[in-house]
Each structure stands twice: as C-alpha cells, then as structure tokens.
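The values are calculated or read from the model by the stated rules, or taken from the named source; none is laboratory data. Bear in mind the structure is a predicted one, so any value in this text is a computation, not a measurement. When we count neighbours, we look across all protein chains shown, and the Cβ atoms used for this are built from the backbone with ideal geometry, even at glycine. Heads up: the accessible areas ignore ligands, DNA and RNA and are worked out on the full protein's heavy atoms, side chains in. Shrake-Rupley method; radii C 1.70, N 1.55, O 1.52, S 1.80 Å.
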Amino acid sequence: MAAIDLNCDLGEGAGNDEALMPLITSANIACAGHAGDEGTMRTTVRLALRHGVAVGAHPGFADREQFGRRELRLTPGEIVALVREQVESLRTVAKSEGARVTHVKPHGALYNLAARDASVAAAIAEAVADIDDRLWLYGLAGGELLIAGRARGLRVVAEVFADRTYQADGSLTPRNRPDALVTRTDVSIHQVLRMVRESRVRATDGTDVAIVADTVCLHGDGEHAVEFACALRDALLGKGIDVRSACVG
C-alpha cells in the first residue's frame, strides 16, 4: 500500500493543536525560538504521546516579532549553535515525558534559506548529525537541505505543502504574494493527491513541476488548518493511501 506522512507545525500558540493532533502523524514542535517555551513544548509533547504522533523539533530564527519569517544573516557557526540549542531543548523536555524526538524540520525563513543556500543547509545538517545521526531531517522537496542531509549520512524526508503554491523552479511562492496560499479545500486536496500519486504539482505559471512527496505539511496556524487536515486525511485514505509517519524503519 502507498503511504504518506502528514505533518504539522505545532506548539506555536495558534490554538488548533488539540484538534489537529489526532489527524496527523508527525508534529514539528516550536523550540522556544520563533515561538513556544518549555511549557508549550511539554504540553505539545504530551499531546503527541497521547495520539501516537511522532515528535519532531521545529527550530527557527529567534525572531518572535516576525514569527521567524524574516531572514536573518547568521554565520554557519551561529546557525549550528541555534539549531543545536533549540533541538536539545525539546529533547530534554521530551525525555522527561518519556518521549523521543524523531526528526528535525526548520521553520519559516530558516527553512526557506536552507532550501536554496547550501551553506545554511550544511550548517543545519551538521547540527542535527552532531546531536544524533539517527534523527530524520525534513526539507523542501528538491532543496539543498536534503542534499546536505544525505551528505552527512542523515535520513531525509522530502516535504510538500498542502496549503502553499509553487513556482516553476519547485520553490514555494513567497508569502508576500497574493497567490502564496491555497485557501480552498478542494484545491488543496487536488494538489496533494497529484503530488502523492503522480509526483507532479502545477506551478502558478501553469507549468507542471516534478516533485517527490514523502510527507505533506499543513501549517498549524493556517486559517483552514483543521478543515484541511480532516479533508486531506479522508481523501488520502479514500484513495487507498496509508497515512503514517515517515520516521519509521
């Protein structure tokens, strides 16, 4: 049976975590950088444990004012330190709750930089490998982070998005553009099913782009997050596609 991971960025204060957690298979938990603190990490880890969801770290730029969505020009060494500190913070909380962090997925501007900047990608991969080379590394399908992760011997997971549109080069449409977000449930379902079943996505210019989908992301702070998650899970299962975490094996 074909299978896909359904992941979501949680612990960010959006208020949807309890409704979303039963619908997903992997949770990316804010590690007190762009959002969250020890209390929210603990609450989210407990929620993930209750629903059998894989626990992942979601490190981002420590820029709460812009929710980690502003690019900060840090040195590779600073990025290594930032990722290491945030991932270790979540690992400490998870261990105290009897959970294990299985994966790492960068957040926001750090994620987008890592998708296109090989030096940023290498710094993140270095930090993750140094912490625990058994961790899975999530990154944009076709992006530099997956290349860097493989080079460090990490297991990588190619991520696609249910609620974002794509450019002809396979990158995500910048959030400052009016067509950046997918806001209709039917459009989201069509996009996801095509990416999962056909390994193709329609870019905003109308061209088809080849894409690899190991995991599908929903943003937990999205206006339609719960609605999308319910509909996507039902649509995938309805097409005979199992929904399970990529962090197995």
Query raised in the report: Out of the range 13-30, which residues are surrounded by 21 or more Cβ atoms within 10 Å (Cβ to Cβ) and either out of contact with any helix residue (DSSP H, G or I) (no Cβ under 8 Å at 6 or more places or on another chain) or of a type in the set (Val, Ile, Thr) (or both)?
Result: ILE24, THR25, SER26, ASN28, ILE29
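Going through the range 101-119 one residue at a time, which ones are aliphatic (A, V, I, L, M) and within 19 Å of GLY153 (Cβ to Cβ)?
Selection gives VAL101, VAL104, ALA114, ALA118.
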Query raised in the report: Mind checking which pairs have a first residue in the range 177-203 that is free of Cβ contacts under 8 Å to residues at least 40 places away in the same chain and a second that is hydroxyl-bearing (Ser, Thr, Tyr) and assigned to a loop (DSSP other than H, G, I, E, B), Cβ under 8 Å, 6 or more apart or different chains?
Result: ASP179/THR165; ASP179/THR173; ASP179/THR204; ALA180/THR165; ALA180/THR173; VAL182/THR165; ALA203/THR165
Query raised in the report: So, in the range 61-80, of the ones that are within 20 Å of ASN112 (Cβ to Cβ) and of a type in the set (Gly, Ala, Ser), which residue ends up least open to solvent (accessible area, probe 1.4 Å)?
Result: GLY68
**Report entry** Residues (under 18 Å from CYS247 (Cα atoms) and touching a helix residue (DSSP H, G or I) at 6+ places or on another chain (Cβ under 6 Å)) located in the range 114-138
**Finding:** ALA125, ILE131, LEU135, LEU137
Query raised in the report: So which residues in the range 136-149 are in contact (Cβ under 8 Å) with a residue 40 or more places away in the chain and open to solvent by 40 Å² or more (accessible area, probe 1.4 Å), if there are any at all?
Result: GLY142
Query raised in the report: Somewhere in the range 132-145, is a residue assigned to a helix (DSSP H, G or I) and either modelled with pLDDT of 95 or more or of a type outside the set (S, T, N, Q) (or both)?
Result: yes
Query raised in the report: Which of the residues spanning the range 150-173 are of a type in the set (A, V, I, L, M, F, W, C), touching a residue at least 60 places away in the same chain (Cβ under 8 Å) and open to solvent by 10 Å² or more (accessible area, probe 1.4 Å)?
Result: LEU172
